[in-house]
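Just so you know, all these numbers are worked out from the coordinates, no wet-lab data involved. These numbers come from a predicted model, not from an experiment. Neighbour counts run over all protein chains shown; Cβ positions are idealised from the backbone, glycine included.
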Amino acid sequence: MAEPEKRRSWLVLAGFLAASLSVSLIGGAVTATSVETWYPRLITPAFTPPDWVFGPVWTVLYIMMAVAAWRVWRRTGFAGGAVPLGLYGVQLGLNLAWSVLFFGLNWIGVALAEIAVLWLAIAVTTLLFWHVDRIAGWLMLPYLLWVGYATVLNAAIWQLQGRPIP
């Protein structure tokens, strides 16, 4: 790879990292107040991890998904990868929306419906990435599994507050 191409590749990786980590930072800011005020008052299931687990796990996942998107871009470019990379952007937006719905607005039920859509978007993104670059698909898999776990956790919290699962 020629030097200008290497530089561009690193800049694109930095862009994917910046986009992913921006979602993480904004989501963290939305979450911060609720974690100390609203969330502790909820009845949570026994399988709820301690609060300190979420930050490191999400940071690693955001980095892995950014690298996955970058690997797809390296194979396809932006034009050739418009569908998988576009869906990657959509799922990032859905990821942020869940934090706003659950922690920002305390809408547990709406967040549950939204996280189901998020999981589906991640599943399709993972599949599309897999078809372009197997490693990119593997890099998305822990994120898909974690959001699946978060979906079950969201549903359990909804139910434990005395609301039936729709």
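Using the Karplus equation 6.51 cos²θ - 1.76 cosθ + 1.60 (θ = phi - 60°), what ³J(HN,Hα) coupling, rounded to whole Hz, does each residue of the range 84-98 give in order, writing x for Gly and Pro?
My calculation for the range 84-98 gives x, 6, x, 5, 4, x, 4, 5, 4, x, 5, 4, 5, 4, 4 Hz in order.
Extension gain residue 60-residue 146, at 0.36 nm per residue separation less the Cα-Cα distance, in nm?
29.8 nm
Using helices alone, I'd like the mean residue ellipticity at 222 nm for the chain: each DSSP H run of four-plus residues gives -39500 (n - 2.57), total over residue count, nearest 500.
-29000 deg cm²/dmol
For residue 2 and residue 83, what is the calculated FRET efficiency with R₀ set at 30 Å and r taken between the beta-carbons, to the nearest 0.05?
Computed FRET efficiency for residue 2 and residue 83 comes out at 0.60.
If you average the C-alpha positions of the range 57-71 and of the range 122-166 separately, how far apart do those two centres end up, in angstrom?
Each part reduced to its Cα centre gives a spacing of 14 Å.
Multiply the residue gap between residue 38 and residue 120 by 0.36 nm, knock off their C-alpha separation, and tell me the result in nm, one decimal place.
Once the chain is fully extended between residue 38 and residue 120, it gains 26.7 nm.
For the range 1-59, take the convex hull of the Cα atoms, compute a quarter of its surface area, and give me that in nm², please.
Mean projected area for the range 1-59: 5.4 nm², to one decimal.
For the range 81-143, state what percent of all Cα-Cα pairs lands in each successive 10 Å bin, counting from 0 Å until the bin that includes the largest distance.
P(r) for the range 81-143, in whole percents per bin: 24, 46, 23, 7.
Remind me, relative contact order of the range 3-160 in percent, using alpha carbon pairs under 8 angstrom and six or more residues apart?
Computed over the range 3-160, the figure is 31 percent.
How big is D for the chain, in µm² s⁻¹ as a whole number, if Stokes-Einstein is applied with the Kirkwood radius of its Cα pairs at 37 °C and 0.692 mPa s?
Estimated diffusion coefficient is 197 µm²/s.
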